[in-house]
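**Student:** Sharing a structure, written as structure tokens. Questions coming.
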Amino acid sequence: MTVEEYNRAVDTYADKLYRFVLKNLKNEHMSGDIVQETYEKLWVKLEGVSFLKVKTYLFTSAYHTMIDYIRKEKRYTGIDSAKLGETSSSGHYSDLAEVLERAVDNLPEDQKSVVMLRDYEGYSYREIAEITGLSESQVKVYIYRARIYLKNYIGSMEQVI
């Protein structure tokens with residue numbers, strides 16, 4: 001990859017990469033750091049990465065860096081990620097986006113990441129498998145389970161509106 005292609009990769013994918021990490025972490029500063037670290041890794045491996053594969057490389061690298069950060073944070077703060085017992089039936093909401101965001105936040109990290117890559121970023125199952133290092137069938141299972149959880153969390157539209 002040339003320096004011009006690297007600059008084009010920054011212009012083309014930096015915002016999407018930042019949005020993906022931010023949706024998962026909900027921390028602007030850490031998301032920016034992860035994106036910067038991802039582009040630094042790309043710069044170090046500039047000659048070993050083809051421009052045709054740069055998008056997959058960037059999202060894979062950002063995903064793994066983000067997972068490392070999440071694991072490190074859980075170890076230090078003792079956060080319990082098992083929020084699946086919570087439901088939204090405790091009240092009525094007028095903002096569907098707020099309800100959906102809360103539901104997505106409650107997903108386990110693996111399910112959350114694959115749903116974000118599929119539904120927010122538009123990746124295919126095969127591309128998500130390459131990015132996350134999971135098998136394609138495991139990606140499908142995670143997305144299926146996440147969607148079932150989201151459907152049950154949100155409940156009927158009458159409760160939301």
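**Student:** Just give me the residues in the stretch 32-67 being of a type outside the set (A, V, I, L, M, F, W, C), over 14 Å from Ile128 (Cβ atoms) and either surrounded by 20 or more Cβ atoms within 10 Å (Cβ to Cβ) or touching a residue at least 60 places away in the same chain (Cβ under 8 Å) (or both), in sequence order.
**Tutor:** Thr38, Tyr57, Ser61
**Student:** If I filter the stretch 37-44 for residues that are at negative phi, in a helix (DSSP H, G or I) and modelled with pLDDT under 85, do I get at least one hit? Steps first, please.
**Tutor:** Going through the stretch 37-44, the residues at negative phi turn out to be 37-44.
Subset that is in a helix (DSSP H, G or I): 37-44.
Keeping just the survivors that are modelled with pLDDT under 85 gives none.
Scanning the stretch 37-44, I find no residue that is at negative phi, in a helix (DSSP H, G or I) and modelled with pLDDT under 85, so the answer is no.
**Student:** Also, quick follow-up: How many residues are surrounded by fewer than 14 Cβ atoms within 10 Å (Cβ to Cβ) and either modelled with pLDDT of 90 or more or more than 19 Å from Glu101 (Cβ to Cβ) (or both) if we restrict to the stretch 13-31?
**Tutor:** Qualifying residue count for the region: 2.
The values are calculated or read from the model by the stated rules, or taken from the named source; none is laboratory data. Source: prediction; values computed, not measured. No Cβ is skipped: glycine too gets one built from the backbone with ideal geometry, and neighbour counts run over all protein chains shown.
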